[in-house]
Structure formats: structure tokens, C-alpha cells
Amino acid sequence: MVRLTRFYTHRHERGISLMFVVVAIFALLGVSALAIDLVTLYVSKSEGQRIADAAALAGAKALVDNGVTADPANSATSWDTACDQATVQAQAVANQGLIGGVIPSSVNVCFGYNGATCSTACPTTGSAGTGFGVNPQVGVTVHSATLPLFFAKIWGQKTASVSATSLAEGFNPSGTNIPVASKCVMPWLVANMDPLKSVAATAPIPIIDTATGQMTNPGPAASSGIIGEDIGLLVGCGAGGCGTLNGATFQPGPPPPGAPPRVSYYPVDLGTPAASGPSCSAGGWSNYQKNTVACNPTPIACGTQVNVDAAANPTVAANTAAIECLIGATGPGLGAGQDTLNTASFPYAMHAGNRNPLVTNGVISTNDRISSSRAVVTIPIYASTFGVVPTSPVTVIGFMQGFVESASGANGRPRLRVLNVSGCGPNALASTVTPVGGNEASAVPVRLTRK
């Protein structure tokens, strides 16, 4: 009788475990849905930040490649044009990214300098100062308002929005004591002598003032500056190779008819070249040729001591083949399929040649405006004395960024236009501070400064 009473007493508790399970399942589903919403927002925020970072860096690089950081006049005309180009580049990069599977709903670009508030107005004379080390900054804010939610739909919230902001800076150290570094430098060690300015001078004119680290003649060539100068690099090695060096680091007097002013260069011993180069590079090429066409990952910083590559033998044939491979030309001289640089007005514009990979792959058309080119190279500058052969090791005191237009068929000499120059201050040469840059191939490093 006792057992029967207990049985009937607890009959109403049957199924209580099932109810607990059902409630727990609903709670678990709710927590899972909430977790999905949170993860969606976190992932989307991360995607937005990566897009903003890439867009800001692209915009800052566009300013750097235009050479405006080496323009002390900081004129409104050149800066406004450069800022317009930077805006287009930043927006184009941002619109290639996806936040939650869709492109950003808005991309806003602003400009600043040296810690000033980022503004949609471009930093021109009066706002950015007069120094060519203005260090322009490009800010990008991306916004997405169409992220789908799951758990929040219970309260009528079907979508959410995320935004991300980034700021990138083009840093020209000229006149400062902050060291910079660059990788993918060309194996062309250039003397600190301005070819164009030195032709009519009684003594060679330096590119960089070694006492201050500033450019001797900053600004565009149309305003008597070095930016945009058409120059030729003449190898300083003797007839038997670079084991014997010529005694002149500058070729005095006017250049031959139709040829640009020239300055001697010496092959840099960069060590092991990159593992692979473009398809046009040939087997059996020397380290010098391989380092000309492919990125050598070894960074060179202000104050770095480098050696002349005594084993190099940059003959006409070797130089011509390497330079044509570098710029994608089918032969020496201009108009051989390589990219071109329009120097009619400053800042200058790069245009795709018919052998540009983007053209051959059908992405763009010949003569379309481009923001980067294999023809843009970084060249180390060393402290030099006219008529004195450099004795290894020599000290790097700055960098020149140039656009290689062609190889001269007569002597394989690289012909280029100067795009930018950055000088190392006297204290930067012996600085123990970690250099700015080092992960990119630029005379003026581009870096993220704030998020």
C-alpha cells in the first residue's frame, strides 16, 4: 500500500525532464544566435579595418609616387591634383573589399599633416607649412549599414552597421634625424651629384646637403628642382668589369646631342638575389642582373655601409637585357611597350604600356592611368667626392626614387626620371633608432600612424 501511494503521489512529475531539455534547447539556441550576431559584428569590424588600412596606405602611396613630398613650395595646384589622385586610389581600393559579403556603403577620404586634424581639404600652402618633409597623411573611413542579424530580429533589429577608420602617412625624413630604410633597392649606387644642375656649374652640385640631410634643389624641375629631371646612369666600372673602377663619379660638360645629363653609378653588392624574378629573366644571369629585375629582400637603411660588387660586369648587353626585362620593354629606347611617365605638368602621371601585365590580361587598356609600375625603382645615394673612386665600404646618405623609362641601346645605360628624394640627417646616419620603413620599396616610406 505504501508503494502504491508513492507511485500515485509522483505521477504529476512525469515529463518534467523533457520540459527542462526543451527550455535548455531554446536558451542554447538563443545564446548561439546571439553569439552569431556578435561574431558577425566582430568579423565585419575586422574586415572593415583591413579595408580602411589598405585604402589609406594606397592613398598615401599615391601622394608619395607623385613626388609632392619633395616639393617645398607645396603649391595648391600640385597638391590639389595629387590629393584628387590619392582620393581616387583610396576609394578604388576600398571598393574592392567586402564587409559582410558586400562592398562598403560609403568611403570617406580626408587629409592631414604632422598630427593636424584630418580634413577633406587638401593640405596646401598656408595649412601644411613650407617644408618638403610635410609628411602628408591620408585618412579613410569605411562604413557598412547592411549587415544581417539573427537573434536581434526578435526585437525588430534586422541589420546593423559597422565603420572603421585608418590613417596612413608618407614619411619624407629629409632634414630630420629619423632614419629610414628600404628594401627592393636597385643595385645602382649613385653618387651624390645632381647631373642636370652640375652640367653648367664649376663644381658638381650635390643632390643632398650632407650637413643637414635636406635636398639641395627640391621641387619639380620646371621650378629648378630635381624632381622630374631626365638623367642617365653611366656605369663607373672599368673595361674589365667592376674589379677596376673608373675615376670619375660625374661626367662633366654637356651631354651628347639627344642624351640626358649623366652621373656615374656603381653596382651594389646586395648578396643573394630574390628567389625568383619575372619570366623574362634568363638562367645563368649574374647576381647583378637578377637583383636588377627582382626584389632583393635585404633592407638598406640610412647610414648602412655597402660594398661595390667587384664581381659584377654590367656590359651593354647585360644591362640592356636586365633593364628591358625590368620595365617590360621589347627593345632599347622609348616606345617599346613599357609604361610611360607624363611629365607635362606636376605632379606626373604614369600610363600603362601595351606590355603591362594588366593590359595583356585585359584588365585595363594601353595608356590608361596607373598608380604603380615596375619601372618605379629606389636607388641608394652615397657620399661622394668628384674624381674620387668609391672605396668599399661606402655610406648610404639617402635614396632616390626614379621612373626607368628605357635602356640606351648604345651603352645599356638606364635612363630615368627622378620622382622623389629623401635625405638622411647627419645624426640619422649613426642612429640606433629602428628605421622607418624597411618592408617596402620606396624612398619615402608609407606607414600606418593611427587607427
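The values are calculated or read from the model by the stated rules, or taken from the named source; none is laboratory data. These numbers come from a predicted model, not from an experiment. When we count neighbours, we look across all protein chains shown, and the Cβ atoms used for this are built from the backbone with ideal geometry, even at glycine.
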If you go through Gly97, Gly112, the only one that is closer than 15 Å to Ser166 by Cβ and part of a loop (DSSP other than H, G, I, E, B) is Gly97
The correct count of residues that are surrounded by 24 or more Cβ atoms within 10 Å (Cβ to Cβ) and not small (Gly, Ala, Ser) in the range 172-182 is 4
Of the residues Ala70, Ala60, which single one is buried (at least 24 other Cβ atoms within 10 Å of the Cβ), touching a strand residue (DSSP E or B) at 6+ places or on another chain (Cβ under 9 Å) and at pLDDT 80 or above? Ala60
Give just the number: which of (1) at positive phi; (2) modelled with pLDDT of 85 or more does Tyr266 not satisfy? (1)
Going through the range 168-207 one residue at a time, which ones are among the charged types (D, E, K, R) and closer than 16 Å to Gly225 by Cβ? Asp194, Lys197
Within the range 353-370, does at least one residue satisfy the condition of being under 26 Å from Ser174 (Cα atoms), surrounded by 18 or more Cβ atoms within 10 Å (Cβ to Cβ) and not assigned by TED's automatic domain parsing to the domain that holds Lys61? no
Sort out which residues of the range 404-433 are surrounded by fewer than 22 Cβ atoms within 10 Å (Cβ to Cβ) and of a type in the set (A, V, I, L, M, F, W, C), and write them in order of number. Ala410, Leu429, Ala430, Val433
Name the residue that is modelled with the lowest pLDDT, counting only residues in the range 269-298 that are of a type in the set (Ser, Thr, Tyr), in a loop (DSSP other than H, G, I, E, B) and surrounded by 15 or more Cβ atoms within 10 Å (Cβ to Cβ). Ser281
When restricted to Ala317, Ala349, the only residue surrounded by fewer than 22 Cβ atoms within 10 Å (Cβ to Cβ), farther than 27 Å from Val64 by Cα and small (Gly, Ala, Ser) is Ala317
Considering each of Val359, Val404 in turn, give the residue that is under 20 Å from the mean Cα position of the chain (by Cα) and modelled with pLDDT of 90 or more. Val404
Can you name the residue in the range 195-216 that is at pLDDT 85 or above and hydroxyl-bearing (Ser, Thr, Tyr) and is also surrounded by the fewest Cβ atoms within 10 Å (Cβ to Cβ) among such residues? Thr212
